[in-house]
Amino acid sequence: MLTELSFPAVTNQGTKLHRAVQSIDILGSALSNLKVKPSNLPCRFQRRQWHPSCSNQLLAFHRRNSTPRTLAFAIPNESDQVESGSCYGFADDQTDLSLEENDCLNHSDAEVVSSLSYSEADLAHTVELLGEQGSLLDKIKAIQLHVLASEQWNASQLQLCHRNYLVSATNLIHYLALRCLDVEQLKDDLALIGLLNLETINAHVLASLAASIQILENLKSNSLNPEEHVTGELSSKKGFEQQKYAASTLQMIRKKASFNRELLLGPTQEGRTTHIMVTVGVEAIESKTFITDLINAGMSIIRINCAHGNPCIWSEIITRVRKSSQMLEKPCRILMDLAGPKLRTGKLKPGPAVMKISPKKTAAGDVIFPAQVWLAHKEAGPPPSHLSLDAVIFIDDQEFLPKLEVDDTLRFRDARGKKRRLKIVRKFHVFSSTGYVAECSRTAYVQSGTRLYVKGKIGRSPVGQVVDVPATAPSIRLRVGDLLIISRGNSSGQDELSTSMSGAHRVTCSSGYLFDSVKPGEPIAFDDGKIWGVIRGTSMSEIVVSITHAGPKGAKLGSEKSINIPESNVRFEGLTSKDLMDLEFVAAHADMVGVSFVRDTRDIAVLRQELEKRKLQNLGIVLKIETRSGFEKLSLVLLEAMRSSNPLGVMIARGDLAVECGWERLADMQEEILYLCGAAHIPVIWATQVLESLVKSGLPTRAEITDAANGRRVSCVMLNKGKHVVEAVSTLDKILHPKATRMRADLKPILLCSHLL
């Protein structure tokens, strides 16, 4: 199991360059601390004022902790052989431990990283070129040596990777080695001559460095020998061939990344570059056209969360997806997420089966637009998608419904006994049945069993009986200052909504991890951070929480909502017993399995063992990064996952990740994950709250549009379920693939006035 990586420093003695190494333990490598800049990593370059006795030094940089650390290193001795040594010290802050100083060892000749002796001419040329230490060529060569040495020192870990991922894993090691160096000044110097952008070479580090070195060497050769035409011509020809080789290498690496993406997610269709994934639930089987509409709108991957539903529902969804995909001749892959050890509130007992029908009113209570109600037989299917409806009522009387006409009025008594009316305004033929749009101008509560009558009919003949009114979703409303008691509960049962004698609300949680891990004073969050509180007291069976954030009017907390304890030390099992049972179903029906709440390499090792038992080497694996530990150890997790041949991807689960690590850090963490996965040639899925307002209400915010547009950087963007999800898929497809509708500024040539010439 992979627990650490080693990154070397190339040393120098005199004018001769040697490869020696300084092994630095960097668990989680580039992601250990976001309080520092991305370049401030476990090892870095430190820039100093140039002096004839000074040179660039590779300095060991430690994370901010007070743990004693041992640095292993190697230096050349007098006989030009490498000797090893060590230094023991602390790192409370950004402590730079220079290996050439005598604080830890007595090696006056231990200069670090590409230190070269310059002649007077070299120095003059350097000063003329950069105005400070080192030439560009020497610096890039030093970085290249550092990158190559890191590969050598992690060779044992690379040998464990599957051959399909060997190139990608090697490039990831190169990228981590590059990120260990502070090369901000070098970036500026390279930008001045337009040669190389170190920020964008993460997918092909070594090839880009080699190409840059070749270009600089050609420029240097031509500048030093301007009159030696024959030598210059041969040098140029050789350099051209090497540049062609570098270009082919870059192209090969890009094809590798594209191959990994298609292996997991499938090929994109009709010139598209980014897949669209949609999460679906039971609503997918309540409508005959829902899945077909999603695929036509641009969806190419469907996601099923095993935390909800059961195998019967999942089977029906998958059957409809396969049929629709085949009928439309558009591929659609299936991802099934294992529930994982997520903490959730228990199931609450459903509320009454009553539907509220409410017209739109002004602040004074005057009706400005009546409620739009769909009336149809329960076998008629869903209403037309272009209708904007407030309620759907099914009537169990197929014979009488076709006799209704536009302008008929239906009378009924609602659940409170109030007299109410529905006026038929439109009539539609839906498949083999008929449906109607009716208007209701007063608030009504309709329940199963409500009887409807046609106004004016002799004897008030019954029109039909309302059926299948769904139960209201149970929830409790929490406000700032409220007390919430969480008690141990049975996961298979349903809990009554209750309030204790002290006025505290109650919910349950079936996971014992919660009660065994929290302490008074620690924060706790519910429903992806919509509600926050502080733990006031704990016992073996109860936790008392004081609500500290719940919105101006409070917030509802319902069944099976997430619970996060970001500052508590919780040790979950890798795969739960439910996950192992669901994995059997996933293996038989899905294309990919989502692994929730990945924390470290042990989770990946357990998953790999289970997949090997079942001989599932072709099942795609999507690692969901939604915990602090998973984020900090992502590089190690990727290398561990690359030990198997399974197609591999990463999902940025922004909901839990923001709650676990802090909202203000989410953007930086997202960037870090994109860079790391780009270096490993691993496709990324962008998830959580993409176009959420559009999905829920039908109208997006401006910030959502620009957020969705950034999804062009990833391989797949995921939408959650909602009332307007089909419209959201269509909108997202246009945002991600705007070739036909891209807006460009109308730029015209600038005409200079003749008197200015």
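Structural remarks
- Between Lys519 and Gln447, the simple spin-label model (points 7 angstrom out along Cα→Cβ) gives 5.1 nm.
- Toward the positive end of the charge dipole of the stretch 262-371, with +1 on the Cβ of Lys and Arg and -1 on the Cβ of Asp and Glu, the farthest Cα among Thr345, Ala284, Pro359 is that of Thr345.
- Efficiency of FRET from Cβ geometry, Arg322 and Arg712, R₀ 35 Å, rounded to 0.05: 0.75
- Here the spin labels are modelled as points 7 Å beyond Cα on the Cα-Cβ line, and at Thr200 and Leu219 they lie 1.7 nm apart.
- If you plug the beta carbon distance of Leu387 and Ser315 into 1/(1 + (r/R0)^6) with R0 = 35 Å, you get a FRET efficiency near 0.70.
- Close amide-amide hydrogen proximity is noted between Gln447 and Met355, Ala415, each under 5 Å apart and 5 or more residues distant or on a separate chain (H modeled in the peptide plane; Pro and chain starts excluded).
- Placing +1 on each Lys and Arg Cβ and -1 on each Asp and Glu Cβ, with no other charges, gives the stretch 354-467 a dipole about its Cα centre of roughly 580 debye.
- Panel note: the C-alpha atoms of the stretch 497-568, placed on their principal axes, show extents of 32, 28, 22 Å (largest first).
- Dipole magnitude (debye, nearest 20) for the stretch 620-682, charges at Cβ of Lys, Arg, Asp, Glu: 220 debye
- Relative packing of peptides 338-350, 569-581, 302-314 - highest average C-beta neighbours within 10 Å first: 338-350, 302-314, 569-581
- Beta bridges by DSSP in the stretch 354-467, antiparallel share as percent, to the nearest 5: 85 percent
- Classification of the stretch 354-467 by its C-alpha gyration tensor yields an oblate form. The axis ratio a/c (a ≥ b ≥ c) is 1.5 or more, and b/c is at least a/b.
- For the stretch 363-488, carbon and sulfur atoms together expose 47% of the accessible surface, with a 1.4 angstrom probe and every protein chain in place.
The values are calculated or read from the model by the stated rules, or taken from the named source; none is laboratory data. Worth saying up front: this structure is predicted, and the values here are computed from it rather than measured. Every residue, glycine among them, receives a Cβ derived from its backbone with ideal geometry; neighbour counts consider all protein chains shown. To get the accessible areas, we keep the full protein, side chains included, count just its heavy atoms, and leave off ligands, DNA and RNA. Shrake-Rupley method; radii C 1.70, N 1.55, O 1.52, S 1.80 Å.
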